[in-house]
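Asks: Handing you a structure now.
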């Protein structure tokens, strides 16, 4: 028993018909760094949520330091010494660092918060683990890296002996990620036991002692980091050698989309600064970057939602005078938004309504103010057929579709019109391997058919597989482009960190 | 306890929801009737008699239904696009005032066939303009329209009071201040002789049907619904949210203003500060009971009118304060919210 | 013109300011506590009405004035519990539920009142709170009359504003309320139960609202009549925004507001027939709208205000 920090025994969890965790058993030793590896939908986050008490397992138990934990109670997990660093930080932006850290640590009946003692403890922890942060700063004003430090400090403040990190480097730059690995290693050496969830193979190999691979809710393998390699892990993670489609070489045509020194300001803040790029027919330009560097604004710019404060955007050689979503659609721009639920589709509406909404002004879909339902439903039916959208027919509520099928619908409604330009922002976020392959195949098919594709993505593998040329976006600026044949990981890392001279 | 969204809501459940809500409200209100020392079933029987027991009471109930259909439609149209118009009360009063002013001897003096529609339009316009103020504050400055529409209700009623004690005062009236009356031939023709029931009911029902058509078949209806369900996605799809909401507000405020106009033209003939016993607020309940569906509004308005007219009769016969109708209606709103939840979600342990 | 300015020099004006502000202070503090925890409570108008009725009814039936206040607070808490149960664990629309509570509480208060007090010419009255003169301080010139000769509930209201401000900033309970209103998932991850905290906050806040209503019948006036709250509840909702959700500013806002209200009452006597009295009565509501406009993009809203909390949903 000694030496074991955590045991998960036979954890099973179902959500309706979906089995998220299927009889999962794993252990974590004291002072060990364990990586939980799996693709999207493999059940990693669900498992950790059960461990921490956010969810209750249908069967199985969690044992921490020899004691079985009562299920569904984060408080019990915290008291047993488990701390969780969530992927989407669980922080209150309007409160200060110290308030975020100490909330929930003192008895509700107490008359006063003991901030002085808290400050001393926080300073000691910062010192010991190298996590410097200003305790009185408003959390909303901190950088992403600093906010993650606050998240970690929250757990350490509660004397966590086990730390769970959910995709900790998803929002960090390369350097910040390296720094985090060193910090975690240091913590492990001081006796902390650490589990981190990841789907990034290089990270798992670099940072962990041991790797547990989850696939389809089951544990499929366990390896020591030193005993395995990327290929083996990739195969274990995915199960079969899924060949992700790759692009063929192709000669690009005329410039279809061009940005010339575009800046976008909002309320005094600069969202995009002096951005220039061009995309030709039949080529894919990939824009890589860690989230939060202006990708959203870039996506909205080329979708017609926001207009430049200075500079110009040209479509087919003509500068755009009026920025409007429908204007762009009319001019032949297909747009895949980065958040399909918030921007891409209205869940409560039917598939046919979501299929035609952005083109409702077209004669075939509306006449004299009336919606022409017949053609609209036929259009939707065609999309469903051509793009293999499963889960319903034209009259089904869109919210009933799975993420992958909703994305196929969104792709389909754009591609069926043979757009000359395609803007795809994070097109495979949150999708399982099968859906990813389908989306990639469609993007490549569009490119083959002569569409100019602008691909904005955080996923390096995706960009390298699909793009012809690559630019990095850092703090609202775009690096000079490089061809993808010159794009090795080192160079891409430098570009994403903003070191463009070194990368050249 | 966990709530799980149902994939499909069977029609039977969708219809059972408002019925169940009403029954629950009647049961709860029954407790209050018992508190008054009055036998509950007898009281409800008297309410039905009060609402439908004679030719006169049926006409009264239908007369009462008319403004409720219109304010119910006003709320339903607005809420569907997430415009929280709680200002129908004030819009009603301004509509009534505009109509009285223009339809009186101080006003237009056109032939009734021409003038009556103009008066109704004027009332609608007055109500519409009032709602544009809070909507403008929301679109330009991000001010939540719930509180502004509520506050403007009080301002509007005070304005009406000021007008009917001032420039629009009826010099021939004793007692309570009231506005100049509309000219006799501007009054709406009756549907039923020797009763108060007027053709306004047909106008209201007609508008409900038109709205149903607009919402389900037109491009505007589709985009307005999109704007209410997910404004961000609607914007991405190019729906001109601001312009859509302005049109929604014109329709919603217009319907509420029309309610006031029709009440003046069809029932009272002049404006007083107690012209509306809360039609604007009750319209919200009507809209919710109807599931924001225009056809449903007709049925829900009839139910609410039945409660009010019935309670008047019951109150006279049995001594239960007539406020019981307001309680039943308010409870129906709360029970309807719970019923909707149960219809749309499954409760899981 | 001098007459108009002279009004400010009368102690009577300032005494009226504090009196008029008291229900607004209670109501605004009550709405503020609910909203800091993340729940908009539009039941305030109805809860104030019911508090006014219950407080009055208790005293009418022989209870003492403090018992009347306690009864009002209890009734407010009960409506608060109803609102909380519907909006927090069930997650129903806070807008519509609040309106429903207002309609329910108001109509119920009129119903019960009418049951107990049949219609008559003049409504029956009770003996309201008398001014509680603070020894020594109330003998001060001008200030004594203006500030230190108020009824007890007024002093309670002012004290409460400071206590709540302190509690929110300095106590663990206050921090729990604040974090639940900013990010309930974060609160849950740190062992705080957002559902319990929200329910408790709404219950407490609603009790305060009811006290505001009770002040109207037990101190400001001495009888209850329908529509006596006259939209004060909505004014309080606007004042919460104006106060940027801070209790000390809520106190200031209520006082400022009451100043306008008290002033216009006296000004209308001075100005007389020239301006219709309705214009003066409109001012409070228009001011509230102006307050909302001024604070529109500036105020720091509790980030989770109006967002229902569902366990296990991220």
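Asks: Residue check, residue B:95 against (1) within 14 Å of chain C (Cβ to nearest Cβ); (2) assigned to a helix (DSSP H, G or I); (3) closer than 27 Å to residue B:223 by Cβ, all met but one. Which one?
Replies: Result: residue B:95 fails condition (1) only.
Asks: Could I ask something else about it? Being at pLDDT 90 or above, crowded, with 19+ Cβ neighbours inside 10 Å and either away from chain A (no Cβ under 13 Å) or under 21 Å from residue C:249 (Cα atoms) (or both) is true for just one of C:175, C:163, C:159. Which residue is that?
Replies: Working: C:163 fails: crowded, with 19+ Cβ neighbours inside 10 Å; C:159 fails: crowded, with 19+ Cβ neighbours inside 10 Å.
Just a single option satisfies the conditions, and that option is C:175.
Asks: Would region C:91-103 turn up any residue that is away from chain B (no Cβ under 14 Å), in contact with a helix residue (DSSP H, G or I) (Cβ under 6 Å, 6 or more places away or on another chain), under 26 Å from residue C:167 (Cβ atoms) and assigned to a helix (DSSP H, G or I)? Reasoning before the result, please.
Replies: Step one: of region C:91-103, the residues away from chain B (no Cβ under 14 Å) are none.
No, region C:91-103 has no match at all.
Asks: Given the condition more than 10 Å from every other protein chain (Cβ to nearest Cβ) and buried (at least 22 other Cβ atoms within 10 Å of the Cβ), answer yes or no: does some residue in region B:324-334 qualify? If you could, list the steps in order and put the result at the bottom.
Replies: Keep residues of region B:324-334 that are more than 10 Å from every other protein chain (Cβ to nearest Cβ), which gives none.
Looking through region B:324-334, none of the residues is more than 10 Å from every other protein chain (Cβ to nearest Cβ) and buried (at least 22 other Cβ atoms within 10 Å of the Cβ).
Asks: Of the residues that sit in region A:35-54 and are farther than 25 Å from residue B:348 by Cα and surrounded by fewer than 23 Cβ atoms within 10 Å (Cβ to Cβ), which one is farthest from the chain's Cα centre (by Cα)?
Replies: Among them, the one singled out is A:39.
Asks: Could you figure out which of (1) away from every other protein chain (no Cβ under 14 Å); (2) in contact with a helix residue (DSSP H, G or I) (Cβ under 6 Å, 6 or more places away or on another chain); (3) surrounded by fewer than 24 Cβ atoms within 10 Å (Cβ to Cβ); (4) under 30 Å from residue B:328 (Cα atoms) isn't true of residue C:208?
Replies: (3)
Asks: Report, by residue number, each residue of region A:141-160 that is touching a helix residue (DSSP H, G or I) at 6+ places or on another chain (Cβ under 6 Å) and under 11 Å from residue A:176 (Cα atoms).
Replies: Once the filter is applied, which keeps residues that are touching a helix residue (DSSP H, G or I) at 6+ places or on another chain (Cβ under 6 Å) and under 11 Å from residue A:176 (Cα atoms), region A:141-160 yields only A:145.
Asks: OK, next. Quick one: count up the residues across region A:20-34 that are surrounded by fewer than 21 Cβ atoms within 10 Å (Cβ to Cβ) and touching a residue at least 24 places away in the same chain (Cβ under 8 Å). Explain how you work it out, then say what you get.
Replies: Going residue by residue through region A:20-34, those that are surrounded by fewer than 21 Cβ atoms within 10 Å (Cβ to Cβ) are A:22-23, A:25-27, A:29-32.
Remaining after also requiring touching a residue at least 24 places away in the same chain (Cβ under 8 Å): A:22-23, A:25-26, A:29-32.
Looking only at that region, the number is 8.
Asks: Right, something else. Residue under question is residue C:268, and the condition is that it be out of contact with any strand residue (DSSP E or B) (no Cβ under 7 Å at 6 or more places or on another chain), within 14 Å of another protein chain (Cβ to nearest Cβ) and closer than 15 Å to residue C:294 by Cβ; does it hold? Break it down stepwise before answering.
Replies: Working: out of contact with any strand residue (DSSP E or B) (no Cβ under 7 Å at 6 or more places or on another chain): yes; within 14 Å of another protein chain (Cβ to nearest Cβ): yes; closer than 15 Å to residue C:294 by Cβ: no.
No; evaluated as a whole, the condition is false for this residue.
Asks: Among the numbered criteria (1) more than 19 Å from the chain's Cα centre (by Cα); (2) more than 14 Å from chain B (Cβ to nearest Cβ), which single criterion is violated by residue C:250?
Replies: Failing condition for residue C:250: (1).
Asks: Related question: Take the residues in region C:126-143 that are in contact (Cβ under 8 Å) with a residue 60 or more places away in the chain and loosely packed, with under 14 Cβ neighbours inside 10 Å; name whichever of them is nearest to the chain's Cα centre (by Cα).
Replies: The extreme case among them is C:127.
Asks: Moving to a separate point now. Restricting attention to region A:155-176, and to residues there that are assigned to a loop (DSSP other than H, G, I, E, B) and more than 25 Å from the chain's Cα centre (by Cα), which single residue is surrounded by the most Cβ atoms within 10 Å (Cβ to Cβ)? Let's see the steps before the verdict.
Replies: Taking region A:155-176 as the starting set, the residues that turn out to be assigned to a loop (DSSP other than H, G, I, E, B) are A:158-161, A:167-173.
In the following step, the residues that additionally are more than 25 Å from the chain's Cα centre (by Cα) were identified as A:158-161.
Working: A:158: 19, A:159: 12, A:160: 23, A:161: 20.
The selected residue is A:160.
Asks: Also, I was wondering about something else. For region A:40-56, check the following and say yes or no: at least one residue is assigned to a strand (DSSP E or B), touching a strand residue (DSSP E or B) at 6+ places or on another chain (Cβ under 8 Å), more than 13 Å from chain C (Cβ to nearest Cβ) and within 17 Å of residue A:222 (Cβ to Cβ).
Replies: The answer is no, given that none of the residues of region A:40-56 is assigned to a strand (DSSP E or B), touching a strand residue (DSSP E or B) at 6+ places or on another chain (Cβ under 8 Å), more than 13 Å from chain C (Cβ to nearest Cβ) and within 17 Å of residue A:222 (Cβ to Cβ).
Asks: Hey, residue A:298 hits all of (1) surrounded by 21 or more Cβ atoms within 10 Å (Cβ to Cβ); (2) within 14 Å of chain B (Cβ to nearest Cβ); (3) in a helix (DSSP H, G or I) but one; which does it fall short on?
Replies: Unmet for residue A:298, out of (1) surrounded by 21 or more Cβ atoms within 10 Å (Cβ to Cβ); (2) within 14 Å of chain B (Cβ to nearest Cβ); (3) in a helix (DSSP H, G or I): (2).
Asks: What helices (runs of 4 or more DSSP H) completely inside region C:196-314 contain at least 1 residues that are within 30 Å of residue C:67 (Cβ to Cβ)? Please lay out each step first, then the result.
Replies: Values: elements: C:232-242, C:247-271, C:277-295.
In region C:196-314, the matching helices (runs of 4 or more DSSP H) lie at C:232-242, C:247-271.
Asks: Quick check on region A:352-372: of everything there that is more than 10 Å from chain B (Cβ to nearest Cβ) and under 28 Å from residue B:4 (Cβ atoms), which residue is surrounded by the most Cβ atoms within 10 Å (Cβ to Cβ)?
Replies: A:355
Asks: Looking at region B:289-313 only, could you name the residues that are within 22 Å of residue B:59 (Cβ to Cβ) and either touching a strand residue (DSSP E or B) at 6+ places or on another chain (Cβ under 9 Å) or within 13 Å of chain C (Cβ to nearest Cβ) (or both)?
Replies: Residues of region B:289-313 that are within 22 Å of residue B:59 (Cβ to Cβ), as a first pass: B:297-313.
Result: B:304, B:307, B:308, B:311.
Asks: Also, quick follow-up: Can you name every residue in region A:70-96 that is crowded, with 20+ Cβ neighbours inside 10 Å, more than 13 Å from residue A:152 (Cα to Cα), more than 7 Å from chain C (Cβ to nearest Cβ) and in contact with a helix residue (DSSP H, G or I) (Cβ under 9 Å, 6 or more places away or on another chain)?
Replies: Result: A:77, single match.
Asks: For residues in region C:293-305 being under 24 Å from residue B:90 (Cβ atoms) and at pLDDT below 90, which is surrounded by the fewest Cβ atoms within 10 Å (Cβ to Cβ)? Walk me through it before giving the result.
Replies: First pass over region C:293-305, keeping only residues under 24 Å from residue B:90 (Cβ atoms): C:293-296.
Checking which are at pLDDT below 90 leaves us with C:294-296.
On the way: C:294: 14, C:295: 20, C:296: 16.
By that ranking, first place goes to C:294.
Asks: Regarding residue B:345, is this residue within 11 Å of chain C (Cβ to nearest Cβ) and touching a strand residue (DSSP E or B) at 6+ places or on another chain (Cβ under 6 Å)?
Replies: Values: within 11 Å of chain C (Cβ to nearest Cβ): yes; touching a strand residue (DSSP E or B) at 6+ places or on another chain (Cβ under 6 Å): yes.
Answer is yes for this residue.
Asks: I'm trying to understand the selection: among the residues of region A:198-212, which are modelled with pLDDT under 90 and either under 19 Å from residue A:82 (Cβ atoms) or surrounded by 21 or more Cβ atoms within 10 Å (Cβ to Cβ) (or both)? Give the derivation first.
Replies: Taking region A:198-212 as the starting set, the residues that turn out to be modelled with pLDDT under 90 are A:198-207.
The answer is A:198, A:204, A:207.
Asks: Tell me the residue from B:27, B:19 that is out of contact with any helix residue (DSSP H, G or I) (no Cβ under 7 Å at 6 or more places or on another chain), at pLDDT 95 or above, surrounded by fewer than 24 Cβ atoms within 10 Å (Cβ to Cβ) and not in a loop (DSSP other than H, G, I, E, B), please. So that I can check it myself, show each step before the final result.
Replies: On the way: B:19 fails: at pLDDT 95 or above.
Every option except B:27 fails the conditions.
Asks: While we're on this one: Since residue C:45 meets every condition but one in (1) modelled with pLDDT of 95 or more; (2) in a loop (DSSP other than H, G, I, E, B), which condition does it not meet?
Replies: Result: residue C:45 passes all but (2).
Asks: Next up: Which residues, counting only those in region C:164-184, are farther than 12 Å from residue C:38 by Cα and assigned to a helix (DSSP H, G or I)?
Replies: Pass one, region C:164-184, residues farther than 12 Å from residue C:38 by Cα: C:164-175.
Across region C:164-184, the qualifying residues are C:164, C:165, C:166, C:167, C:168, C:169, C:170, C:172, C:173, C:174, C:175.
Asks: Just give me the residues in region A:373-385 being at the interface with chain B (Cβ under 10 Å from one of its Cβ atoms) and surrounded by fewer than 19 Cβ atoms within 10 Å (Cβ to Cβ), in sequence order. Steps first, please.
Replies: Taking region A:373-385 as the starting set, the residues that turn out to be at the interface with chain B (Cβ under 10 Å from one of its Cβ atoms) are A:373, A:376.
Hit for region A:373-385 is A:373, nothing else.
Asks: Oh, and also: Given the conditions (1) part of a helix (DSSP H, G or I); (2) surrounded by 21 or more Cβ atoms within 10 Å (Cβ to Cβ), which single one is not true for residue B:341?
Replies: With (1) part of a helix (DSSP H, G or I); (2) surrounded by 21 or more Cβ atoms within 10 Å (Cβ to Cβ) applied to residue B:341, the lone miss is (2).
The values are calculated or read from the model by the stated rules, or taken from the named source; none is laboratory data. What you see is a predicted model, and the numbers here were worked out from it, not measured in a lab. As a convention, Cβ positions derive from the backbone with ideal geometry for all residues, glycine included, and neighbour counts pool all protein chains shown.
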